[in-house]
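Quick note: the coordinates plus some simple rules give every number you see, no bench work behind them. What you are looking at is a predicted structure, and each value in this text was computed from that prediction instead of being measured. Cβ placement follows ideal geometry from the backbone for every residue including glycine, while neighbour counts extend to all protein chains displayed.
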2 protein chains.
Amino acid sequence: MIENINEILKKNQLSVTDSRRKILEMFQHTSGALAHADIEKQSGTLFDRVTIYRTLQTFVEKGIIHTIPTIDNSVKYALCKDACQAGHHHDNHVHFMCDECGTTYCLNNISIPQVQLPEGFRSTQTDVVVSGICKNCND
Amino acid sequence: MIENINEILKKNQLSVTDSRRKILEMFQHTSGALAHADIEKQSGTLFDRVTIYRTLQTFVEKGIIHTIPTIDNSVKYALCKDACQAGHHHDNHVHFMCDECGTTYCLNNISIPQVQLPEGFRSTQTDVVVSGICKNCND
DNA sequence: ATGAGTTTGCAACTTTGTTGCAAAATAAAA
DNA sequence: TTTTATTTTGCAACAAAGTTGCAAACTCAT
Ligand SMILES: [Mn+2]
Ligand SMILES: [Mn+2]
Ligand SMILES: [Zn+2]
Ligand SMILES: [Zn+2]
C-alpha cells in the first residue's frame, strides 16, 4: 500500500513528501469523502494548515482527487477512481450525502442521468448530489 | 409589485422592514440567483452586512428563497416559485451555472431525473447542477 | 400615542482561506 | 557520497466570510 502511494505521486511528477504521503493515505483509508477540517483533525499538529490547503489543491490539479459540491456548501474531496488526468477530470458519478452520519459517498457505478436543457443552453458538466439515509444508517 | 412584496412578508408573519423589502425586491428584479456579496454590492451602505445574513436566513426558513449548491462552493439564493412552506422546500428543479457570465438560473420547468440508488440507500432530496454556456452567452 | 416585542447596526470575535518569504527537504548532478 | 538546484514547508501576516451579544431604533397591535 505504501509502495502504491509513492507510485501514484511519482506517476504524477510530484516529489514524495511526508505530508503528501499521509494525506493520500487518509483518502485511501476512508470509504467516503474528506473535508479540509477532517484532515486537519486527523493529522493533529503533524503539518501546517497551509500545507493541507496546498496539498489538496495540487492533488485536484493532478487529477488524484476531485471536489464534490454539497448542499451545505462545504468543500469535500474524494479519490478519483476513473482515469482522471491533470487538468481533465472524468468523475461522472452521483454523490450521496447521509443526513444522519454525514458521510459523503462516491457512487462510482451510478452514472449521471441525461438532462434535457432549454433551447440555447449548452452543458459541459452535470453534478448530481443525492441526500438521504445511507446503507449503514438504514440497517 | 411593491404591494406584492408587503403581502409576501405579511403572509409569512414577518414584520415589514426596509431591508427585507429591498432585498426581496432585488430577488424579484433579477432573473438569476444572488449571492450574499451581490446583495452587499447592490445595496452599498444602505444596510449592514449582518442584516443581510440574517435576512437571507429568515427568508430561507420561511420558504421565500432557497439555497443553490454550486461547484465552486459559494452560497447562492433564488426565489422559490413552488409552494414552499416554512421548514419544507419543494424546489425540485435543475439549476444551471454559466461558465462565461457566471449567472445561475433556476430551470423551473426542468424537473429532477430519477436516480437509481444502490441497495440500502434511501433518498430524501436530489440536487442537479448543470454548468456550461447559457442562452445569452451562446447567441 | 403608548408600550411590548422585533429588528437593526455596531463592535468584537471566530473560522476559513490566501500570500510572501526564509528554512528545510527532496531530487538531480557531480 | 557529497554537492547543488529545485521544490516544498512552516511561519507570520493578512483578507474574506460568517457569528454573537447588546443597546438603540423600529414595527405593529392596543
Ligand atoms: Mn466522487
Ligand atoms: Mn432554484
Ligand atoms: Zn449514514
Ligand atoms: Zn451566460
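A few points about this structure:
- Mean-position separation - Cα centroids, segment B:102-139 and segment A:107-127, in angstrom: 7
- As a proxy for reagent exposure, A:135, A:41 were ordered by neighbouring Cβ count within 10 angstrom, fewest first; the result is A:41, A:135.
- Inter-copy label distances for residue A:125: 2.2 nm (label point placed 7 Å from Cα along Cα→Cβ; shortest first).
- GNM flexibility winner over chain B from B:129, B:115, B:16 (Cα, springs under 10 Å): B:115
- Inter-copy label distances at residue A:48 (7 Å, Cα→Cβ; nm, one decimal): 3.6
- Residue with peak Gaussian network fluctuation, chain B [Cα springs, cutoff 10 Å], from B:80, B:106, B:98: B:98
- Sequence-distant lysines (8 or more away, or on other chains) whose Cα lies within less than 26 Å of residue B:62: B:10, B:11, B:22, B:41, B:76, B:81
- Sorted from nearest, the other copies put their residue B:92 label points 2.6 nm away, the label point being 7 Å from Cα in the direction of Cβ.
- Pairwise centroid distance, computed over Cα atoms, of segment B:29-74 with segment A:1-78, Å: 32
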